[in-house]
Amino acid sequence: MLSFTYDILPSRVVFGVGSLDRLPEEIERLGAHRALVLSTPEQRNEGQQIADRLGSCAAGLFDKAVMHVPIEIAEQAREQAKALGADCCVAVGGGSTTGLAKAIALVSTLPILAIPTTYAGSEMTPIWGITEAGLKKTGRDPRVLPKTVLYDATLTISMPPMLSATSGMNSIAHCVEALYSKDANPIVSMMAEEGIRALKAGLPVVVKEPANLEARSNALYGAWLGGIALGAVGMALHHKLCHTLGGSFNLPHAETHTVVLPHATAYTAPAAPEAMSRVARALGAESAAQGLFDLAASLGAPTSLAALGLKEGDLDKAAAIAVQNPYYNPRPITQEGIRALLQDAFEGRRPDQ
Ligand code: NAD
């Protein structure tokens, strides 16, 4: 019989091509008048364009966002927000830029308006992460959940095909793990299945025709649903493995998700048959794990940890770290099982079933 708990997170979403035009009125809706715009150095132009659109409502541009939010950059951004008298942050970019806005919001009352340009999904979660002395601390705090999110697929056209593919697979990973989460609930599961379906429909077109706005919209819609899933329910083995590989071996975020997902799915499949049939159905595949592997391969994304630069000699250490703190997973985690999973991921083998 059905039994679940669902904390619905409060955020406003404005979705659609051209939604960026609504930026000034959305800033006003937040009661803000001095927005600090955030970007990476690579997306400085986009940041400047947003600041220009805001005119006198822009307090300034901070363009030093980088992957994993180093505390030194977070402190600089916090100082700048204070010095400029900013009353909100506008984050234009991927998970790294949204992450920097969250680091500011964590120690202030500044609301965030996020304008995502990748499929990472951070804009829909109350999860923050800050890296200090080589260690990434993460936590959940309602203050860091963006108040407003503008999804405008126009801004994703410039996303290189390979980042589109791996960032999209990262979002699919949120959906897959939501379906067998210990907190799974029927509403989030519906969104997760729909998210996989939309990303599967959008991504193959996006990598071939990056300017195809319909495919970009489909993929962005799927990424929104993936972000909701990530923010609403706990993740499992796949995310644990990716954090271990990213944190301990400095592997790139979205690519690692792409490579590990089919293997974590194959490992968990026997213990989560209903979730697997929903993943397979959304992919239009016979098997969830094979369908995920085939999708990544068809997008031209990396399919082996070897291709990401991991050394075979690191696999024992990675398996040992991954089993150190017990982590929820429908199929219990054993060092032997994880070691075998990592070997398959290292070699880039297509799952047997
Ligand atoms: P990213 O934000 O690091 O972006 C990668 C690069 O692509 C950057 O140089 C960026 O400027 C550029 N880029 C982004 N969008 C572009 C576009 N449309 N056109 C051209 N270039 C573009 O990558 P990401 O995968 O979005 O984010 C990864 C980070 O986000 C990781 O640190 C991860 O831990 C974090 N994350 C956090 C959450 C959360 O809920 N807190 C969720 C997902 C990811």
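The values are calculated or read from the model by the stated rules, or taken from the named source; none is laboratory data. This structure is a prediction, so every number in the text was calculated from the model and none was measured. No Cβ is skipped: glycine too gets one built from the backbone with ideal geometry, and neighbour counts run over all protein chains shown.
Brief remarks follow.
- When every residue of region 242-256 is checked against the conditions, at least one turns out to be of a type in the set (A, V, I, L, M, F, W, C), within 23 Å of V188 (Cα to Cα), assigned to a helix (DSSP H, G or I) and touching a His at 6+ places or on another chain (Cβ under 8 Å).
- All of (1) buried (at least 24 other Cβ atoms within 10 Å of the Cβ); (2) among the acidic types (D, E); (3) more than 23 Å from K102 (Cβ to Cβ) hold for E177 with one exception: (3).
- Scanning region 223-236 for residues that are hydrophobic (A, V, I, L, M, F, W, C), at negative phi, more than 17 Å from the chain's Cα centre (by Cα) and crowded, with 24+ Cβ neighbours inside 10 Å turns up nothing.
- Residue, surrounded by the most Cβ atoms within 10 Å (Cβ to Cβ), within region 282-302, restricted to residues that are farther than 17 Å from P204 by Cα and in contact (Cβ under 8 Å) with a residue 60 or more places away in the chain: A288
- Among the residues making up region 126-159, those that are touching a helix residue (DSSP H, G or I) at 6+ places or on another chain (Cβ under 8 Å), part of a loop (DSSP other than H, G, I, E, B), within 26 Å of N218 (Cβ to Cβ) and more than 9 Å from the ligand (Cβ to nearest atom) are L145, P146, D152.
- Near pairs, Cβ below 6 angstrom, 6+ apart or cross-chain, from region 319-345 (on the phi < 0 side of the Ramachandran plot) to any residue that is buried (at least 20 other Cβ atoms within 10 Å of the Cβ) and hydroxyl-bearing (S, T, Y): I321/T244; A322/T244; P330/Y180; P330/T268; R331/T268; L341/Y267
- Tally, over region 303-324, of residues that are modelled with pLDDT under 95, assigned to a loop (DSSP other than H, G, I, E, B) and either touching an Asp or Glu at 6+ places or on another chain (Cβ under 8 Å) or surrounded by 15 or more Cβ atoms within 10 Å (Cβ to Cβ) (or both): 1
- Identity of the residue in region 95-125, in contact with a helix residue (DSSP H, G or I) (Cβ under 7 Å, 6 or more places away or on another chain) and near the ligand (Cβ under 6 Å from one of its atoms), that ends up farthest from I172 (Cα to Cα): G99
- Among the candidates A178, A215, residue that is assigned to a helix (DSSP H, G or I), without any contact (Cβ under 8 Å) to a residue 24 or more places away in the chain, touching a helix residue (DSSP H, G or I) at 6+ places or on another chain (Cβ under 7 Å) and over 23 Å from G47 (Cβ atoms): A215
- The residues of region 3-33 that are closer than 17 Å to L230 by Cβ and buried (at least 18 other Cβ atoms within 10 Å of the Cβ) amount to a single one, S11.
- Residue in region 87-96 that is touching a His at 6+ places or on another chain (Cβ under 9 Å) and among the hydroxyl-bearing types (S, T, Y) present: yes
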